[in-house]
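See below for the structure under consideration.
The values are calculated or read from the model by the stated rules, or taken from the named source; none is laboratory data. Keep in mind that what you see is a predicted model, and the values were worked out from it rather than measured. Every residue, glycine as well, gets a Cβ built from its backbone with ideal geometry; the counts of neighbours run over all protein chains shown. Heads up: the accessible areas ignore ligands, DNA and RNA and are worked out on the full protein's heavy atoms, side chains in. Shrake-Rupley method; radii C 1.70, N 1.55, O 1.52, S 1.80 Å.
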Amino acid sequence: MATNPAPVVVWFRKDLRTDDNAALAAAAQTGRPVLPLYILEPVEAGTGPLGAAQRWWLHHALAALAKSLSGLGAPLVLRAGPADAALDTVIAESGADTIHWNRRHDPPGMAIDRKIKAVLKARSLVATSFAGQLLHDPTRLLTGEKKPFRVYTPFWKALERAGEPHEPIDPPARLIGFPGSVASDRLEDWHLAPERPDWAAPFHEVWTPGEAAARERLETFVDGALDGYAVDRDRPALHATSMLSPYLALGEISPARIWHATRGLDAPAGDLVHFRKELAWREFCYHLHFHFPALAEKNWNERFDAFPWEELGEVFTLWTRGLTGYPIVDAGMRQLWRHGWMHNRARMITASFLIKHLMIDWRHGETWFRDTLVDADAASNAANWQWVAGSGADASPFFRIFNPILQGEKFDPDGAYVRRFVPELENLDAAWIHKPFDAPQAALARAGVDLGKTYPKPLVDHGHARQRALAAYKSLKADGA
Ligand code: FAD
């Protein structure tokens, strides 16, 4: 029995789970009352949910977490405002002398945490941080010269050499709740989920936020789609990837729990390694963001600073709405709007189209994704946009320009993905589904497609757009870049 009756505050951030939660487990082990706390930090602080779609997710994730914690005996307290002020009032109201949290690795969040830790320590309070958002601490993996990695493959090798990530910790069997009273906001009053109109209603077709749903999804994936993952992961019409990204983004599942779930399975080794390599891409993005905090604002490769981007105009709006006239691009953008998520292959195609066909600065695309993705993640989003743009670390070269017709034909051969998200093309023959603009009039008429009326004509001609992008890139190089 603990002699100190003061509660331990567990400050939840991007770790909205009871499973493999080192901060919570350590608090439970003290034998003292536990006071779980979530602070809705101001968006300007650069922390918290990243956009409207993720706010919807956060609402449901917090509801699920609150339920689990109440079940364990320690209800969740909600506060809104700058983290230091919110913590101060909770400490004052509860008499807590110890604060636990799991480290976050986004630069603005880290700056806030460092400051808070120093202040708490100066007041002789105990502030302890734990690991858990990543497989390995981003400071741990460095090159032989003790420098950050710039290239993925040596990073992956270093990650492999670093050994297995920590064994996940099971959730506490029960918690001792704080017996006193501490004020809490009501989740509904935060209005995180849209109401009128409820544009997120279709999200429920595919998503159930919460850690129980995350574990279920993990189990379904390792028992099924993991077998064949290496090949099928590129086919957007198939349910061949884990779809764990939104759960990882708000920490409803830990990467260590996922990593260890893929141990000792029967699935082919190639599939297992490929899947782990994707988890390692997430780590690589965090590594880049940690060592280059301006990843979402500045070209990692400064040579791109002189790129002659087009003005933002109507074409950007048409891209966001999935009305570019290229079916695979439109399917991706409409999947994003409908479900707050887009298949990785489609993310690459749509991002490439915006940057190279429309010559719009990647930062506008990054911002749109940040607002519309339920898995919006500061590191993964920025690093991947820069990867596509060619301006990032270990990026795809700019001159490799995706042909949206060939990408569609290769990765969505029968057009099932397009038919699902672009219903006005549903009845078009597979031969034309990725290039309705080349289809004979009879084929269009048979499918009820009237180009320019029921479905748009292409915004740009692929060949022309390609030449324009390459010329812009060449001018960049000619400028001595
Ligand atoms: P799986 O294939 O099942 O992979 C398992 C996990 O590995 C994912 O959940 C994810 O955490 C990680 N992962 C897989 N691919 C990548 C990758 N390329 N980069 C980083 N991590 C990866 N992912 C985000 O989580 N948040 C974002 O904001 C985000 N923005 C992106 C923007 C662009 C332009 C592109 C091209 C990719 C972006 N990604 C982002 C990466 C990737 O598309 C998603 O992580 C993936 O589609 C999630 O689906 P999944 O969980 O089924 O992945």
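Using a 1.4 angstrom probe, figure out how much accessible area the chain has per residue, in square angstrom, rounded to the nearest whole.
Solvent-accessible surface per residue comes out at 43 Å².
Using the charge dipole of region 374-426 (Lys, Arg: +1 at Cβ; Asp, Glu: -1 at Cβ; taken about the Cα centre), state which of ALA379, SER396, PHE421 has its Cα farthest towards the positive end.
SER396
Given the C-alpha centroids of region 139-159 and region 34-89, what is the distance between them in whole angstrom?
Region 139-159 and region 34-89 have Cα centres separated by 34 Å.
How large is the dipole of the chain about the Cα centre if only Lys and Arg carry +1 and Asp and Glu carry -1, each at its Cβ, rounded to the nearest 20 debye?
Approximately 880 debye in magnitude.
Just subtract the alpha-carbon distance of HIS166 and GLU302 from 0.36 nm times their residue separation and send over the number in nm, one decimal.
So the extension gain works out to 45.2 nm.
Give the angle, between 0 and 90 degrees and rounded to the nearest 10, that separates the Cα long axis of helix 462-478 from the longest principal axis of the Cα atoms of the chain.
Roughly 70 degrees between the two axes.
Given DSSP loops and a limit of at most 13 other Cβ atoms within 10 Å, what is the longest stretch of the chain that contains no such trypsin sites (Lys or Arg not before Pro)? List each step's numbers first, then the result.
Values: sites that count: ARG123, ARG140, LYS146, ARG174, ARG186, ARG263, ARG400, LYS453.
Answer from the scan: 264-399.
Label LYS474 and ALA92 with points 7 Å out from Cα along Cα→Cβ: what is the distance between them in nm?
6.7
In debye to the nearest 20, how big a dipole does region 142-216 give about its Cα centre with +1 on each Lys and Arg Cβ and -1 on each Asp and Glu Cβ?
That gives a dipole near 580 debye.
For the chain, what is the mean residue ellipticity at 222 nm derived from helices alone (per DSSP H run of n ≥ 4: -39500 (n - 2.57); sum divided by total residues; nearest 500 deg cm²/dmol)?
-13000 deg cm²/dmol
Can you give me the % of accessible surface on the chain that is carbon or sulfur? Probe 1.4 Å, all protein chains present, nothing else counted. Could you put the intermediate results ahead of the total?
Values: 11020 of 20470 Å².
That share works out to 54 percent.
What is the spin-label model distance, in nm, from THR30 to ALA85 if the labels are put 7 Å beyond Cα along the C-beta direction?
About 2.6 nm separates the two model spin labels.
Quote the FRET efficiency, to the nearest 0.05, computed for HIS204 versus LYS67 with a Förster distance R0 of 25 Å and r equal to the Cβ-Cβ distance.
It comes to 0.90.
Using alpha carbons only, what's the Rg to Rh ratio of region 1-133 with Rh from Kirkwood? Spell out each step's value before the answer.
Numbers: Rg = 14.1 Å, Rh = 15.0 Å.
When Rh is taken as the Kirkwood radius, the ratio is 0.94.
For region 165-315, I need the span (max minus min coordinate) of the C-alpha atoms along each principal axis, in Å, sorted largest to smallest.
Principal extents (Cα only, largest first): 61, 47, 35 Å.
Go through GLY144, PRO75, GLY163 and say which Cα lies farthest out towards the positive end of the charge dipole of region 53-181; charges sit on Cβ, +1 for Lys and Arg, -1 for Asp and Glu.
GLY144
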